[in-house]
Amino acid sequence: MRRRGLLGAAALLAAPAWPLHALERRALAFPRDYGAHPDARLEWWYVTGALEAGSRLWGFQLTFFRSRTDVPPAHPSRFAATQLVFAHAALSDVGGRRLLHDQRVARAGFGVAEAREGDTDVRLRDWSLRREDGDTYRARLSSDAAGYALDLALAADAPPLLQGDAGWSRKGPDAAQASRYYSRPQLAARGTLALGGAEHAVSGTAWLDHEWSDALLAPEAVGWDWIGINLHDGGALTAFRLRQRDGSTLWAGGSRRAPDGTQRSFGADEVRFMPGRRWASPVSQASYPVEWTIETPAGRHVLRALLDAQELDSRASTGAFYWEGLSELVDAADGRAVGRGYLEMTGYAAALRL
């Protein structure tokens, strides 16, 4: 699809022209809820992680978005774009101090793009994410534009982490501003990275988020700050906040899962994000905090980006700039590294509109 078509597809996400489908408030059930929920307005499967080969370190992101458009599902034409599939891929080369990224979009169907119901199986041409036997995910992508290819097995050894209230995650002061949301932290990653004419056998730890919603953002929210951290002790820490135009917090949340599987969800008043050092993008002109002090019931921590320049330009697909990057979490009291994962920041170049 040409760039003009990409921008047109992104515009379909701007504002619903017909009533939103009310999310069903029910217990999550697996494997059904690993799969797609085509009645929901917006859905994504988001995989990030850290990969190593010898002394080299990379961060990776592979995200698939599924969007229900304003075209009625009963439209008589089989070419009608009732569902769109988007994909973003990025590789943070920490040693090389560079970010490689690519993006795609297509209407669902015709063997080009698909987000299946019943279990995780989403693809866009030769990019794919699928849950296989034994609770292992397979992530594959190859990008000539970005100059790399990944083929990873991501093995889970614990059940899904249900965010919020048993997978019902509030995102604003109105109870309707919510998503269904679960995570698969501490995924054991192993596979190959082809980069610069060489193939590297890589291993590391990854994180998968799956979320779907009709009303994710309150009207006052311009974007969010989010972290998903695989802790070195085997636990997992999630924290997020919805941010208002003046930089203040509209809503917040998160969770901590201990190595033994016990979980503590955080209330909206229990999470604080305090920005520190900033990095200015030469492309979008946005100024991003690339160091944060974060307070939760799990303690006081400092999060530091391992590479400043991890901004993604997705104007040709989902229509926005955002910062997404590999980061390290340290204990604020003694500076001890306690985890590694991803920081996501949206709405800094312009207010985010889903």
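Couple of notes before you dig in:
- Hey, residue 136 out of contact with any helix residue (DSSP H, G or I) (no Cβ under 9 Å at 6 or more places or on another chain) and farther than 16 Å from residue 202 by Cα or not: yes
- Qualifying residue in the stretch 206-219 (condition: of a type in the set (Gly, Ala, Ser), farther than 30 Å from residue 52 by Cβ and assigned to a loop (DSSP other than H, G, I, E, B)): yes
- Residues that are at pLDDT 95 or above and within 20 Å of residue 334 (Cβ to Cβ) do not occur anywhere in the stretch 240-255.
- Residue 218 being within 27 Å of residue 41 (Cα to Cα), buried (at least 23 other Cβ atoms within 10 Å of the Cβ), touching a residue at least 12 places away in the same chain (Cβ under 8 Å) and of a type in the set (A, V, I, L, M): no
- Pairs are defined by a Cβ separation below 8 Å, a sequence spacing of at least 6 or placement on different chains, a first member in the stretch 151-166 that is closer than 22 Å to residue 213 by Cβ and crowded, with 20+ Cβ neighbours inside 10 Å, and a second member that is among the β-branched types (Val, Ile, Thr) and at pLDDT 95 or above; the pairs so defined are 161/238; 163/238.
- Residue 186 being buried (at least 20 other Cβ atoms within 10 Å of the Cβ), closer than 30 Å to residue 338 by Cβ and either small (Gly, Ala, Ser) or touching a residue at least 40 places away in the same chain (Cβ under 8 Å) (or both): yes
- Each residue in the stretch 312-334 was checked for being at pLDDT 95 or above and either more than 17 Å from residue 103 (Cβ to Cβ) or of a type in the set (D, E, K, R) (or both), and 10 pass.
- Some residue of the stretch 132-142 being among the basic types (Lys, Arg) and buried (at least 20 other Cβ atoms within 10 Å of the Cβ): no
- Filter result (of a type outside the set (Lys, Arg), at pLDDT 90 or above and over 20 Å from residue 184 (Cα atoms)) within the stretch 12-41: 38, 39, 40
- Within the stretch 250-263, residues that are more than 19 Å from residue 179 (Cβ to Cβ) and in contact (Cβ under 8 Å) with a residue 40 or more places away in the chain have Cβ atoms under 9 Å from residues that are of a type in the set (D, E, K, R) and assigned to a strand (DSSP E or B) in these pairs: 256/264, counting only partners at least 6 apart in sequence or on another chain.
- Among the numbered conditions (1) over 29 Å from residue 194 (Cβ atoms); (2) modelled with pLDDT under 95; (3) out of contact with any helix residue (DSSP H, G or I) (no Cβ under 9 Å at 6 or more places or on another chain), the only one that residue 67 does not meet is (3).
- Number of residues in the stretch 117-145 that are outside any strand (DSSP E or B) and closer than 16 Å to residue 86 by Cβ: the value is 3.
The values are calculated or read from the model by the stated rules, or taken from the named source; none is laboratory data. Owing to the predicted nature of the structure, the values given are computational and were not obtained by experimental measurement. Here Cβ is always computed from backbone atoms with ideal geometry, including for glycine, and neighbour counts include all displayed protein chains.
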